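Peer 1: Submitted below is the structure of interest, expressed as structure tokens.
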Amino acid sequence: MTYLTNENWLAGDSYEAYMGRWSRPLARVFIDWLRPEPLAHWLDVGCGTGALTDAICDLCEPASVVACDPSESFIEHARTRLSDTRVSFVVTGAEALPGREGGFDFVATGLVLNLVPDPALAVAAIRERIRPGGTFAAYVWDYSGGMEFLRYFWEEAIASDPRAATLSESLRFPLCQPQALVELLEKAGFAQVETGPLDTPTDFADFEDYWSPFLRGTGPGPGYVTALEPLSRERLKERVRRRLQSGADGRIQLKARAWAVRGMPRSPGGDAYDVEIADYQ
């Protein structure tokens with residue numbers, strides 16, 4: 001059970017230019033929503049280039065963080081960005097998650113659940129790594145319309161080439177909705193499940209700052225752009241340029257939304273465990 005790799009998400013630097021720069025502030029919004037206790041032991045599943053791991057270390061006073069991802073290039077990128085003795089990185093997917101004696105206090109995953117072939121199987125595996133009374137929390141981009149910079153791109157791409165609709169995240173990732181996330185956790189044996197929106201600005205210095213990541217091939221949008229013939233690529237570029245509104249200084253100010261979800265493993269009696277983190281230090 002690995003993550004989907006046909007999206008070409010394996011180039012760390014290209015991912016940072018395209019999505020990583022928005023993933024990092026979003027991770028901090030997620031931590032503010034989660035409000036975890038300090039001195040906890042964390043497992044970050046699908047850590048990517050380290051956005052969530054970095055936020056955990058900076059904001060949560062963790063006792064330890066194990067960060068894992070199946071991409072060696074992402075793990076290497078994360079290691080170069082984050083030097084913290086509390087963190088250990090492991091190259092592995094959801095089929096072989098690292099464990100901890102007694103379980104982890106928090107297992108978290110950022111922007112990953114929609115990229116695994118079988119989310120239910122992944123969440124079930126995650127549940128096995130959480131201690132009694134621990135918490136699982138996740139967040140995914142709201143591809144149905146909350147990601148303005150992607151929505152405008154795909155609307156123009158589909159208007160010029162209807163075949164592009166098969167690549168749009170809004171059609172391919174139905175999991176990225178609150179009710180779908182709640183159902184996923186409840187069916188996997190979690191109780192006290194709740195969701196919430198996470199909003200963050202996505203501001204671009206100018207149109208080239210917006211467009212240049214689409215030329216690097218990492219992700220479905222950039223993959224589509226780089227596969228176009230030069231003339232078609234230029235026509236799409238101009239369509240998107242006309243669609244976006246920039247300020248007098250050339251800046252393009254957009255917004256992005258993600259949905260967060262959290263829950264606690266059910267006890268054998270059917271309710272969530274009630275155990276404090278201090279009991280497991």
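The values are calculated or read from the model by the stated rules, or taken from the named source; none is laboratory data. No experiment lies behind these values; they were computed from the predicted model shown. Neighbour counts run over all protein chains shown; Cβ positions are idealised from the backbone, glycine included. We work out accessible area using only protein heavy atoms, side chains counted, and drop any ligands, DNA or RNA first. Shrake-Rupley method; radii C 1.70, N 1.55, O 1.52, S 1.80 Å.
Peer 1: With each pseudo-label sitting 7 Å past Cα toward Cβ, what's the GLU186-ALA63 distance in nm, one decimal?
Peer 2: With each label placed 7 Å out from Cα toward Cβ, I get 3.3 nm.
Peer 1: Restricting the count to DSSP beta bridges whose residues both fall in the chain, what percent are antiparallel, rounded to a multiple of 5? Could the numbers behind the result be given before it?
Peer 2: Working: 20 of 39 bridges.
Roughly 50 percent of the DSSP beta bridges within the chain come out antiparallel.
Peer 1: Stretched out fully, how many nm does the piece from GLN245 to GLU194 gain, at 0.36 nm a residue minus the Cα gap? Present the calculation step by step, with values, prior to reporting the outcome.
Peer 2: Details: separation 51, 0.36 × 51 = 18.36 nm, distance 3.54 nm.
Computed gain between GLN245 and GLU194 is 14.8 nm.
Peer 1: Hey, any idea what % of the chain's accessible area is carbon plus sulfur with a 1.4 Å probe?
Peer 2: 48
Peer 1: Kindly identify the chain as rounded, prolate or oblate by the Cα gyration tensor criterion: order the square roots of the eigenvalues as a ≥ b ≥ c, call it rounded if a/c is under 1.5, otherwise compare a/b with b/c, prolate if a/b is larger, else oblate.
Peer 2: Working: a/c = 2.02, a/b = 1.83, b/c = 1.11.
In terms of gyration-tensor shape, prolate.
Peer 1: Okay, next question. What is the distance, in nm, between label points placed 7 Å from the Cα along the Cα-to-Cβ direction at ARG163 and at ASP32?
Peer 2: It is 4.4 nm.
Peer 1: On average, how much accessible surface per residue is there in region 129-199, in Å², for a 1.4 Å probe, leaving out ligands, DNA and RNA? Please report the intermediate quantities before stating the final value.
Peer 2: Numbers: 2820 Å² over 71 residues.
Value for region 129-199: 40 Å² per residue.
Peer 1: Follow-up. Could you tell me the center-to-center distance, by alpha carbons, between region 215-241 and region 32-55 in angstrom?
Peer 2: 34
Peer 1: Taking 7 Å along the Cα-to-C-beta vector as the label spot, tell me the ARG172-ASP84 distance in nanometres, rounded to one decimal.
Peer 2: Distance between the two pseudo-spin positions: 3.1 nm.
Peer 1: Continuing with this model, one more query. Compute the relative contact order of the chain as a whole-number percentage, counting only Cα pairs closer than 8 Å that sit 6 or more residues apart in sequence. Walk me through the numbers on the way to the answer.
Peer 2: Details: 544 pairs, mean separation 62.2, N = 281.
Over the chain, the number comes to 22 percent.
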